[in-house]
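One structure is given below, encoded as C-alpha cells.
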Amino acid sequence: MTTLAITGGRVVDPANGLDGPADVFIADGRIVAVGPAAPDGFRPERTLDAGGRVVAPGLVDLAARLREPGEEHKATIASECAAAAAGGITTLCMPPDTHPVVDTAAVVELIHQRAEAAGAARVVILGALTVGLEGTQLAEMAELKRAGCVGVSNARRPVHDTLVLRRALEYAASHDLTVFIQPEDPHLAQEGCVHEGVVATRLGLPGIPASAETVAVAQILMLLEQVPARVHFCRLSAARSVNLLARAQYDGMPVTADVAAHQLHLTEMDIGFFDNNCHLRPPLRTRRDLEGLRAGLVRGTVTAICSDHQPHDSDAKLAPFCETEPGISALETLLPLALRLAGDDEPLDLSAVIARLTCEPARVLGLAAGTLSPGAAADVCIFDPHAHWTVEPDRLVSRGRNTPFAGWELEGRVTHTLVGGRVVFQREDPP
Amino acid sequence: MRERDIQLDDQGRLRHFLTIEGLSREILTEILDYAENFTTVGHQPVKKVPLLRGRTIINLFFEVSTRTRTTFELAAKRLSADVLNINVSASSTAKGESLLDMLRNLEAMHCDMFVVRHASPGAAHFIARHVAPHVSVINGGDGSHAHPTQAMLDMFTIRRHKGDFTRLSVAIVGDIMHSRVARSQIHALNILGVPDVRVVGPETLIPVEAPQLGVHVYHDLAAGLDGVDVVIMLRLQRERMSRALLPSAHEYFQCYGLTPEKLACARPDAIVMHPGPINRGVEMDSAVADGPQSVILEQVTHGIAVRMAIMAMTLGRAGGEA
C-alpha cells in the first residue's frame, strides 16, 4: 500500500463545501480522508508539504485539442498531457474532430491507449454526432458509448439539416448521451473571422455577428421543447446567448454551458492591428459580451470554465490574419486566468472559481471527478495562489506557443499535480 | 504586449506606409506638401529625379491591377529606382510556397522596398512585421482593409480644388462595407479635420458600427449629397449581387447611381471623384463621369506624384536625400 499525506495547505474542495487548513491523506491512488489529523493507523510513506499553498481537486477541462491522431506536427497526446499536468489539469475532454474523426470505437481505443501510455492526465472523449462530422448520417453513438465516449458532439462543424439535428438529439437521448454543441449558424458566420463589430469595420475583416451564435442557441432550445435531450452548449461568446440560456434553465430545460477562460479577459479590441493570436472561434466579442459571460458564470447559468486548448505549429499562425488557424494554446493559463475572477473586488470567491474548474465540469461530463471526497481518485492540484509569473510562450510545456497572453503577468501557479495519487508534475523552479 | 506603430521608425518618421489610421495630421500634410514638388516632373523633358537612384523596389501583386501597379511603377522609375514587377496569381501560391518563404527569397535579392497588393486584410502589416530592418513596405491595397496611397492621392486632389479641409462636407457613396478605399479615405478625412464625412448606401453595404469611424450614415442619395463639396463614388463589384447584398445592378443605379439630377443636390462647385475603374451605368452616368465637375483623370495623374512622395519619404530617411 502506497501512502501519501499532503500537509499544511489550504484545502479547497467545493464539492464537499470545504475551504480551510487541512491535510489530505491518500492511499493506493485514492483519497482516504481530508482533515486535521491522519485517520487511525494511517502511516504516510511520503509527506508533501503544501504550506502557503492551495490544495484543490485536479482541474477538469471540458475542451482540449491534443492534435493526435492526425496532426502530430502540431502536438501529441503525450506532449499535451504533460502540458495539462503543468496546468494542474488532471482530466481533459477531447472533441471528436481529430483525423480520423472519432466516429468509430477503434479511434476511441487508440486515443485511450496513447493517453494511458502518456499517463500524465486522464483523457475522456466526445464521440462524433454524425459520421465524419458531415452532418448527414448519425454516428454509431451506442457503439461509441460502449467504447468509452462520455458524450457526443459535432465539434465546430455545423449540422445544416435541421431534421438531422433533431434526430441526432433524439437518438443521443435514447442512449443517455449528452450532446455537446458549439452553437454557430454557418450561414450567418459565412467566412467571418472576427466579431462583426467596430474592429471588423475598422480593419475590413469579415465579421461573425453575435446572432450567428444566438440563432443557433435558439434553434436548439426550440427543438428541445419537443425532444427530451440533454444539451451542453460549448464556448459561449455572446451575452445574449447567456440570457437565452437563463430563460431556458428557468423553464426547467436540461441545458448547461461553459465558457473559455480567454473569453472572460479579452475582447475584440485586443486584436489591435491584426494580432494573429487573437484569431479565435468563436471570436472575441465586446466588453458587454465579456461582462455578460462573467455575470452568467456568477449566476450559475454558465457552470464551467474550460481552456479550449488548440495548440498550433508556428506556420499555422504565420500568414495574414484570416488565413491563419484559429485557437490558442491554453492549458497552462487556464487556472491563473480563472483565478483573476476571485478576489475582494471580484464577484466570486476562490471556492466558487475552483468549483467551475472541477466539480461543475465533472458534473457536465457525468464523471465522479473534480472532488477530494474519500474514495475518489486522488487527482490533486496544488498551487501557490500568490505566485506571480510572466507568460513566456517559449517556456510553455505545450508544443503550441500560440498565446495572446504573452507578456501578461499572472498570479497563481501550479507546483504539484497528482493523478491517481502519483505526482505527474512538480515545478522544478518554485516561484 | 502592445507593439508601437510599426509604420514609424524610432524618430517618428515614416518607415512603412500600411494604413492611414494612427498617422498624425502633420505626417499627412507633409506627404501632400512633398507631393506638390513632384507634380511637375511629368512635364519635364527628362521625367526623372535622382532621389532613389540605386534602390530596388519590388511591386508584389497578389491581385490583378493595371492602374495601381502602373502608377507605382512610374512613380518608382521617375525617382530613378530599379523596379521589378511580380504578379503572383492564386495558382502559383497554391504550389505550396508560403507568403513568408516567397518574401525571404525576394529579400535575399537585396531589395529595399515592397509594394504589396493582397486580397487578405492585414497582409501588408504581416509582411511589414517580417521584413529585414532596412526594407520598407507600402500597402497597395489589402483586402477590404486599407488602400492608403489611393486615399492620399484623393486628399491631394481635394486640397488642390478646395484648399481648406476644415470647412468641407464629403460624401462617399456605394459599397463601403467591402471598400479598402473608403476606409482609408474616412481615416484621412477625419485626421485632416473634415467636419462632415458621410457614407451613402443601402444598409447591406454599410459596415456595422460605421459611425464609430467618424461618419454620418445616409441611405438616401439625395439627402446624402445635399450641400456637399466633394462626391466620391465607389466601384461596385459584380459579385455583390450574388450574396443577397443587392437585388440587381439596375436597381442599384436607380437608387445610388450618380446622375446629373442627383449631382444637382450637391453644391454647384462640388467635385466628383472615383478611384476607378468606373462601371458606367452602374454607379455613375457617363454624363457625370465625363462632365465638368469630374476630376477622375486628375486623380490618376496625382497618383504618381503622391506615390513618389510616399516612396521618397519612406526610403529616403536613412540617406538623408529627402
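The values are calculated or read from the model by the stated rules, or taken from the named source; none is laboratory data. Worth saying up front: this structure is predicted, and the values here are computed from it rather than measured. We place every Cβ from the backbone using ideal geometry, glycine too, and count neighbours over all the protein chains shown. These accessible areas exclude ligands, DNA and RNA; they are computed on the full protein's heavy atoms, side chains included. Shrake-Rupley method; radii C 1.70, N 1.55, O 1.52, S 1.80 Å.
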(request) Quick one: which helices (runs of 4 or more DSSP H) lie wholly within the stretch B:235-321 and hold at least 1 residues that are within 21 Å of B:LYS48 (Cα to Cα)? (result) B:296-315
(request) Find the strands (runs of 3 or more DSSP E) located wholly in the stretch B:76-185 whose residues include 1 or more that are under 28 Å from B:LEU245 (Cβ atoms), and list them. (result) B:113-118, B:136-142, B:169-173
(request) Can you confirm whether the stretch B:51-74 contains a residue that is within 14 Å of chain A (Cβ to nearest Cβ) and open to solvent by 20 Å² or more (accessible area, probe 1.4 Å)? (result) yes
(message) Given (1) among the polar types (S, T, N, Q); (2) surrounded by fewer than 14 Cβ atoms within 10 Å (Cβ to Cβ); (3) assigned to a loop (DSSP other than H, G, I, E, B), identify the lone condition not met by B:THR39.
(response) (2)
(message) Step by step: first the residues of the stretch A:200-215, then only those that are more than 9 Å from chain B (Cβ to nearest Cβ) and either among the β-branched types (Val, Ile, Thr) or surrounded by fewer than 24 Cβ atoms within 10 Å (Cβ to Cβ) (or both), then the one that is nearest to A:PRO320 (Cα to Cα). Which residue is that?
(response) A:ILE208
(request) Being within 12 Å of chain B (Cβ to nearest Cβ) and assigned to a loop (DSSP other than H, G, I, E, B) is the filter; apply it to the stretch A:256-285 and report the residue that is nearest to A:CYS193 (Cα to Cα). (result) A:HIS279
(request) Working only within the stretch A:230-246, note down all residues that are polar (S, T, N, Q) and open to solvent by 10 Å² or more (accessible area, probe 1.4 Å). (result) A:ASN243
(message) Condition first: at pLDDT 95 or above and more than 25 Å from B:ILE27 (Cα to Cα). Can you find one or more residues in the stretch B:94-111 that meet it?
(response) no
(request) Could you please find all residues in the stretch A:1-16 being touching a residue at least 60 places away in the same chain (Cβ under 8 Å) and not in a strand (DSSP E or B)? (result) A:THR2, A:PRO14, A:ALA15, A:ASN16
(message) Name the single residue that is surrounded by the fewest Cβ atoms within 10 Å (Cβ to Cβ) among those in the stretch A:113-142 being in a helix (DSSP H, G or I) and in contact with a helix residue (DSSP H, G or I) (Cβ under 8 Å, 6 or more places away or on another chain).
(response) A:ALA117
(request) Just name the residue that is surrounded by the fewest Cβ atoms within 10 Å (Cβ to Cβ) out of those in the stretch A:376-403 that are assigned to a loop (DSSP other than H, G, I, E, B), touching a strand residue (DSSP E or B) at 6+ places or on another chain (Cβ under 6 Å) and not β-branched (Val, Ile, Thr). (result) A:ALA376
(request) Kindly indicate which of A:VAL24, A:VAL32, A:VAL55 is farther than 13 Å from A:HIS416 by Cβ and either surrounded by 17 or more Cβ atoms within 10 Å (Cβ to Cβ) or not polar (S, T, N, Q) (or both). (result) A:VAL32
(request) Would you check which residues across the stretch B:119-139 are away from every other protein chain (no Cβ under 14 Å) and in contact with a Phe, Trp or Tyr (Cβ under 9 Å, 6 or more places away or on another chain) and list them? (result) B:VAL135, B:SER136, B:ILE138
(request) Check the stretch A:358-374 and report whether any residue there is of a type in the set (A, V, I, L, M, F, W, C), at pLDDT 95 or above and either part of a strand (DSSP E or B) or farther than 29 Å from A:ASP176 by Cα (or both). (result) no
(request) Tell me, yes or no, whether the stretch A:71-84 has at least one residue that is over 30 Å from A:LEU339 (Cβ atoms), in contact with a strand residue (DSSP E or B) (Cβ under 9 Å, 6 or more places away or on another chain) and open to solvent by 30 Å² or more (accessible area, probe 1.4 Å). (result) no
(request) Mind listing whichever residues of the stretch A:186-198 are facing another protein chain (nearest Cβ under 9 Å) and in a helix (DSSP H, G or I)? (result) A:VAL198
(request) Please enumerate the residues belonging to the stretch B:176-207 that are within 9 Å of another protein chain (Cβ to nearest Cβ), in contact with a His (Cβ under 8 Å, 6 or more places away or on another chain) and open to solvent by 20 Å² or more (accessible area, probe 1.4 Å). (result) B:ARG180
(request) Please go through the stretch A:325-357 and pick out each residue that is in contact with a Cys (Cβ under 8 Å, 6 or more places away or on another chain) and either open to solvent by less than 10 Å² (accessible area, probe 1.4 Å) or among the acidic types (Asp, Glu) (or both). (result) A:LEU334, A:LEU335
(message) Go through the stretch A:143-168 and report how many residues are touching a Gly at 6+ places or on another chain (Cβ under 7 Å) and assigned to a loop (DSSP other than H, G, I, E, B).
(response) 8
(request) Return yes when B:LEU28 is surrounded by 15 or more Cβ atoms within 10 Å (Cβ to Cβ) and either within 14 Å of chain A (Cβ to nearest Cβ) or over 30 Å from B:LEU213 (Cα atoms) (or both) and no when it is not. (result) no
(request) Please determine, by comparing only the residues of the stretch B:208-222 that are open to solvent by 80 Å² or more (accessible area, probe 1.4 Å) and assigned to a helix (DSSP H, G or I), which one is farthest from the other protein chains (Cβ to nearest Cβ). (result) B:PRO211
(request) Kindly establish whether B:GLN11 is within 14 Å of chain A (Cβ to nearest Cβ) and either open to solvent by 10 Å² or more (accessible area, probe 1.4 Å) or of a type outside the set (Ser, Thr, Tyr) (or both). (result) no
(message) When you check A:PRO69 against the structure, is it touching a His at 6+ places or on another chain (Cβ under 7 Å) and touching a residue at least 12 places away in the same chain (Cβ under 8 Å), yes or no?
(response) yes
